[in-house]
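Please treat every number below as a calculation from the coordinates, not as lab data. From a predicted model like this one, the values you see are computed outputs, not experimental measurements. Positions of Cβ are backbone-derived with ideal geometry, glycine not excepted, and every protein chain shown enters the neighbour counts.
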Amino acid sequence: MKFYEKQVETSTVYEGIIVKVRRDIAELQNGKRVKREVVEHPGGVCIVALTNDNKVLMVRQFRYTIGEELLEIPAGKLEKGEDPFKCAVRELSEETGYTAAKWIDLDVIYPSAGVYSETLYQYLALDLEPGEMHLDENELLSVEEIDIDELIEMIMSNKLRDAKSIIGILKAKFYLENLSIR
C-alpha cells in the first residue's frame, strides 16, 4: 500500500524572515480530511569537516530556541535558488575558515518531518586547508577540533545532542570505515 495525503486547502498563518507557517487541510487516501500545520523552511547544509588526523571541526554557539550552548558541525541556510554544494563550500569557509579539496555527498535528511519542510544536505569535507573565518554579522561562535571517535562517545553518552551533527558524524564514520579508501 502506498500512503499519501493531498492538500485541499491552505492558508498562511505567519511569514517571517526565515520561515513561513501554513495551516492546511489535507485529504487522506481513505477520503477523510485532517488539519496539518507546516513550517516552511528554505533548507540548509551541514558539513562534517575531517582533518587528516581524524578530528572533526565543530562549532560551539548559543542556540536561543533551546536556551543553551551547543556543539555542532558547521551548517547554514540555503539562499533562494542556491546550489546546496556551493552553499556547503561557502558555509565551511565562513564558519571555520577552512576549505576542502575533497567533498563526499552524504545525502539529505529531514530534521523534523512531522512539522518542518526543511531538507538538510549533508557533506563530508576532506583534505582541509586552514584559512580566515568570515562570519556573518552577529554570528558568534568558536571552532573546536574533536577526534571523531570521541564525538561518537559523546553521542552515545548524550553529551552531543544536535540531531544534524549526530546523523552527519555517524554517516561520515560509517562512510570512512566501509565505503572509502582514504
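Do you know the relative contact order of the chain, to the nearest whole percent, from alpha carbon pairs under 8 angstrom that are 6+ apart? Provide the component values of the computation, followed by the final result.
Details: 360 pairs, mean separation 39.2, N = 182.
Answer for the chain is 22 percent.
D for the chain, whole µm²/s, Stokes-Einstein with Kirkwood Rh over alpha-carbon pairs at 10 °C and 1.306 mPa s: what number? Once the numbers are plugged in, D ends up at 88 µm²/s.
Could you give the dipole magnitude of the stretch 1-88 about its Cα centre, charging the beta-carbon of Lys and Arg +1 and that of Asp and Glu -1, in debye to the nearest 20? Present the calculation step by step, with values, prior to reporting the outcome.
On the way: 15 positive and 14 negative charges, 72 e Å.
For this selection, approximately 340 debye.
Can you pick out the pairs among Lys20/Lys55; Lys77/Lys171; Lys2/Lys171; Lys86/Lys171; Lys2/Lys173; Lys6/Lys80 whose Cα atoms lie more than 30 Å from each other? Could you put the intermediate results ahead of the total?
Numbers: Lys20/Lys55 37 Å; Lys77/Lys171 21 Å; Lys2/Lys171 28 Å; Lys86/Lys171 21 Å; Lys2/Lys173 33 Å; Lys6/Lys80 25 Å.
Listed pairs above 30 Å: Lys20/Lys55; Lys2/Lys173.
Working out 0.36 nm times the residue gap between Tyr64 and Arg33, then minus their Cα-Cα distance, what length gain in nm do you get to one decimal?
Values: separation 31, 0.36 × 31 = 11.16 nm, distance 3.58 nm.
In short, 7.6 nm is gained.
Full extension of the chain segment joining Arg90 with Val21 gains 22.1 nm, where the gain is 0.36 nm per residue of separation less the Cα-Cα distance.
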